[in-house]
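Comments concern the structure below.
Every read-out reported here was derived from the displayed coordinates using simple, explicitly stated rules and does not represent laboratory data. Computed from a predicted structure; not experimentally measured. Positions of Cβ are backbone-derived with ideal geometry, glycine not excepted, and every protein chain shown enters the neighbour counts.
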Amino acid sequence: MLKTIGIISPGEMGHNIALVLKKHGLEVVTCLRGRSPRTLRLAKKGGVADLPSLRAVVEASDLILSVVVPSAALPVGRSLAKAIASVKKPVLVADANAISPMTSIAIDKVVTAAGGKYVDVCIIGSAQRLEKGATFYASGESAEKFMGLQDFGLTTKVLGNQIGQASAFKMVYAGLTKGLSSLSVELLLTARSLGLFDQIIERYRLSYPEIADFMSRMLPDLPWRATRRSQEMEELSATIKSLGLHPVMAPASGKALKRLGELTRSSGWQEPDEGQLNLKDTIEKLYKGLKESPDKSS
Ligand SMILES: NC(=O)c1ccc[n+]([C@@H]2O[C@H](COP(=O)([O-])OP(=O)(O)OC[C@H]3O[C@@H](n4cnc5c(N)ncnc54)[C@H](OP(=O)(O)O)[C@@H]3O)[C@@H](O)[C@H]2O)c1
């Protein structure tokens, strides 16, 4: 029986999950110690109760969702494991980050060794449209318990009974959207530099209308999220390597997104800019940023 959900942390995805769960009658808690002013603001917006420690979150929660950034997923798993061991409560932890199956298996190990239960989860869909098309895929023996969230506004689906399946699924999915995004930015910046932006968009619309729509929809929101997405591509590269394959596109996309994230930060690109720029303005802003801060890496 689910009553209280812990969310680590209420960033863009976390606070939107909180809004849906609260709307459907669940309590949502977190611990904001050490978090940025942005997360504090989003926690308030999502109506998430701030508890003094992770220990208190474990005590209060029936299920804890980790929605951080890929690089923080394992450290957060370790901190939760410590809290679980001290409370001695077999709470269910769901890592819903875009991480490799190996990272998910590592989190499973620390959480279950501490006495907790673990489910591998990935989210496909936008944080702003959770109730309109986003799906939470789960795998592992505790996946059925996670399915309980479908009674509280989220769409859930079991992928299999092994830890790592949901994360691997997300890796392959994310590789397409992030790979296509980074290639599109590179091509459109080239077209802008050549004075051919409008012409190439028109040609893309004729030849590949779905890809042209994808560019218009996805690229204006990309800059602010580029750093997190570059971490997803690092996790994808590790996933591909673990299978004995040789990743080429994933690391290249990761590098391009990392550079875009640095450019976004150095040009003071603020989150509220998103949704206010169209594709052309976004590419123009990136073009000007690159002119002021040229890429010296090879
Ligand atoms: N946004 C989406 O539409 C979307 C869609 C599908 C999947 N996801 C997945 O959801 C996860 C979160 O994405 P997001 O868009 O919500 O990112 P975000 O807005 O950057 O939020 C990340 C949150 O994690 C917190 N955090 C970072 N390091 C932490 C740590 N060591 N301990 C505790 N909290 C930490 C951040 O706090 P600070 O502000 O203090 O750094 C922030 O609140 C990602 O793994 C992503 O792949 C997101």
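Summary of values
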quantity: Full-stretch length increase - S293, R205 - with 0.36 nm per residue and alpha-carbon distance subtracted; calculated: 28.6 nm
quantity: Computed [θ] at 222 nm, deg cm²/dmol, the chain (DSSP H ≥ 4; -39,500 (n - 2.57); rounded to nearest 500); calculated: -17500 deg cm²/dmol
quantity: Where GluC sites (Glu not before Pro) in DSSP loops with at most 16 other Cβ within 10 Å are excluded, longest remaining stretch of the chain; calculated: 142-273
quantity: Proximal charge balance of P10 [Cβ under 14 Å; K/R count +1, D/E count -1]; calculated: +4
quantity: Among beta bridges that DSSP assigns inside the chain, antiparallel share in %, nearest 5; calculated: 20 percent
quantity: Considering only the range 4-162, percent of DSSP beta bridges that pair antiparallel, nearest 5; calculated: 20 percent
quantity: Stretchable slack from L183 to D50, in nm (0.36 nm times residue separation minus alpha-carbon distance); calculated: 43.8 nm
quantity: Net charge of neighbours whose Cβ lies under 12 Å from the Cβ of G25, counting Lys and Arg as +1 and Asp and Glu as -1; calculated: +1
quantity: Estimated FRET transfer efficiency when R0 is 25 angstrom, pair E144-R78 (beta carbons, to 0.05); calculated: 0.45
quantity: Summed side-chain charge close to N97 - residues other than N97 whose Cβ falls under 11 Å, Lys, Arg +1, Asp, Glu -1; calculated: -2
quantity: Placed amide H near V158: partners under 5 Å, 5+ positions off or other chain; calculated: A138
